Amino acid sequence: MFYQASVPLCFVNRNDYSITFNNAYKKVFGSSNENYLSIHDWVEKVCYNHQINDLEKYLHDILTTKPNCILRPKECYIKKDDGEIRYALVYGSLVYNDYLLTVLDITEQKLIENDLFNTKEQLQEVNQISLSILKTIPYGMNIVDPNGIILYQNNNLSNYFKESVLGNICWEAYRDDKTQCKDCPLKLKIPLGETVYCITDKALGGKTFNISHTGIIYKGKEAVLEIFHDITEQRNYEKSLQNALRKAEESDKLKSAFLQNMSHEIRTPLNGIIGFSQLLKNDGLNQNEKEEFISMIDRSSKRLIELVNNMIEISLISTGQIEIKNKDVCINELLAELLYKFSKHYNSDKIQLINHLDDLSEWICLKTDELKLTLALSNILDNAFKFTKQGAIEIGCIDKDDKVNLYIKDSGIGIDKSHHEKIFDNFYQVETSLSRNFEGAGLGLSISKGLIEILNGKIWVESELGKGSVFWISLPKILGVRNIS
Ligand code: ADP
């Protein structure tokens, strides 16, 4: 029975410690084991990694067990005939007075265990690396479920919040308007391991993020890993570059318009002066014709002087060389005089003039620089007459807490909203073609704006194309005394 048993067995005689192996043992561990005469010999030559004393102690322990009682097994390496090492588990027991050792080959099982151990170690390593990455990664990072519910957040992201937002919907936590982005990648089912990027504006307090969304498995369920790359500065930089480019293009356009317009604005009056001077040489002219030519020369000269004055004014404004001389200025009188002066100059009977200042119960007198304010208002009134062929021109004033708001309203051609800010730029004109019907170098409003700002005021326009315009000037209400004289 001992020899035929299917389990590898060794029989050790208790008197002389001689050892006998059964067939199964020889088959598993090699037949040359038969050469070992005693258990000591076997332990020394075959059992690796095992202290002889240790095994002998084990044998001694067997003695103290009751017959047929199997002792706690011992692990050892057994060297086969061909040198291969097998891992074995030895169970010792007493059979009558002798020892019976059952030697099980557990090499395969041990290998699997080792593999598992290694895999566990590797997993621990990977986990540790992941944790270090999560801690040190300089980006906000979170994990959400496919419906956008926040399952995990790293410190970089959770630092944005006073209280935990775990369990909240991500767009409600992160987006300033608390709504899901139109092209939010969570709307697509992101396959495992794949990454979809999306740029989100106005998140976490006006910032812009490029967020990568990667399909992952988290705690055994499908989830999405989101990494927030803050590109706010980059975006602002891009925007400022685009603005700078747009401004450069605009000023390039303005430069060409300016050159074209200036040569037109200089040549026209010069041609007038030269042409009519030549005509004056003609002897056969009557008095009326002479006076007409002289007045044409006079008009052209004034136009030229005005242009030169405007150029000087704008360069003084832009170099900050304007000196302010404040005095008591009666706004009612100033505006009424200007309206009268321009109505005489343009002499149009198709335009009704309305002075709402006459309706005011009180005079408005401000402490300001009269010359600068007169020039600023003149440019606006001049435009009102220039761009209004018929209808009405109205002037008025609204007294507002600490401000006085003056307005000049016309029913002229009007200005499209897209030009409202630009018309206050140097040389800007809504219509720039040479065939434009209006005189001007595009400096009037920029001079007005410069002067009004020097007087601590504001200037703006309300207008619609074809529906007339209202130019507003708001001045600080520093009241002066009316000069009766
Ligand atoms: P300009 O010498 O051409 O009048 P401004 O600086 O005074 O220069 O005005 C700039 C441009 O703004 C004008 O060329 C015109 O296109 C527009 N503009 C100004 N005032 C009016 C107005 N009252 N009605 C319509 N367009 C106006």
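Table: residues versus (1) free of Cβ contacts under 8 Å to residues at least 24 places away in the same chain; (2) in contact with an Asp or Glu (Cβ under 7 Å, 6 or more places away or on another chain); (3) farther than 20 Å from Gly167 by Cα.
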{"residue": "Ile199", "(1), (2), (3)": "no, no, yes"}
{"residue": "Thr208", "(1), (2), (3)": "no, yes, yes"}
{"residue": "Asp230", "(1), (2), (3)": "no, no, yes"}
{"residue": "Glu233", "(1), (2), (3)": "yes, no, yes"}
{"residue": "Glu238", "(1), (2), (3)": "yes, no, yes"}
{"residue": "Lys247", "(1), (2), (3)": "yes, no, yes"}
query: Has segment 279-288 got at least one residue that is under 30 Å from Asn155 (Cα atoms), open to solvent by 60 Å² or more (accessible area, probe 1.4 Å) and assigned to a helix (DSSP H, G or I)?
result: no
query: Within segment 344-365, is there a residue that is in contact (Cβ under 8 Å) with a residue 12 or more places away in the chain, assigned to a loop (DSSP other than H, G, I, E, B) and within 12 Å of the ligand (Cβ to nearest atom)?
result: no
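State whether one or more residues within segment 434-442 are basic (Lys, Arg), more than 6 Å from the ligand (Cβ to nearest atom) and modelled with pLDDT under 90.
yes
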task: Looking only at segment 386-396, decide whether some residue is surrounded by fewer than 19 Cβ atoms within 10 Å (Cβ to Cβ), within 8 Å of the ligand (Cβ to nearest atom) and not in a loop (DSSP other than H, G, I, E, B).
output: yes
- prompt: Within segment 17-33, how many residues are outside any helix (DSSP H, G or I) and over 16 Å from Thr107 (Cβ atoms)?
  reply: 6
Only one of Tyr197, Tyr237 that is at pLDDT 90 or above, within 19 Å of Ile137 (Cβ to Cβ), open to solvent by 80 Å² or more (accessible area, probe 1.4 Å) and not polar (S, T, N, Q): Tyr197
task: Kindly indicate whether Ile408 is surrounded by 16 or more Cβ atoms within 10 Å (Cβ to Cβ) and within 11 Å of the ligand (Cβ to nearest atom).
output: yes
message: When you check Asn155 against the structure, is it open to solvent by less than 50 Å² (accessible area, probe 1.4 Å), under 23 Å from the mean Cα position of the chain (by Cα) and of a type in the set (S, T, N, Q), yes or no?
response: no
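The values are calculated or read from the model by the stated rules, or taken from the named source; none is laboratory data. Here the structure is a predicted model, which means the values were calculated and not measured. Because the Cβ atoms are built from the backbone with ideal geometry, glycine has one as well, and the counts that use them run over all protein chains shown. Surface areas here come from the heavy atoms of the whole protein model, side chains and all, with no ligands, DNA or RNA. Shrake-Rupley method; radii C 1.70, N 1.55, O 1.52, S 1.80 Å.
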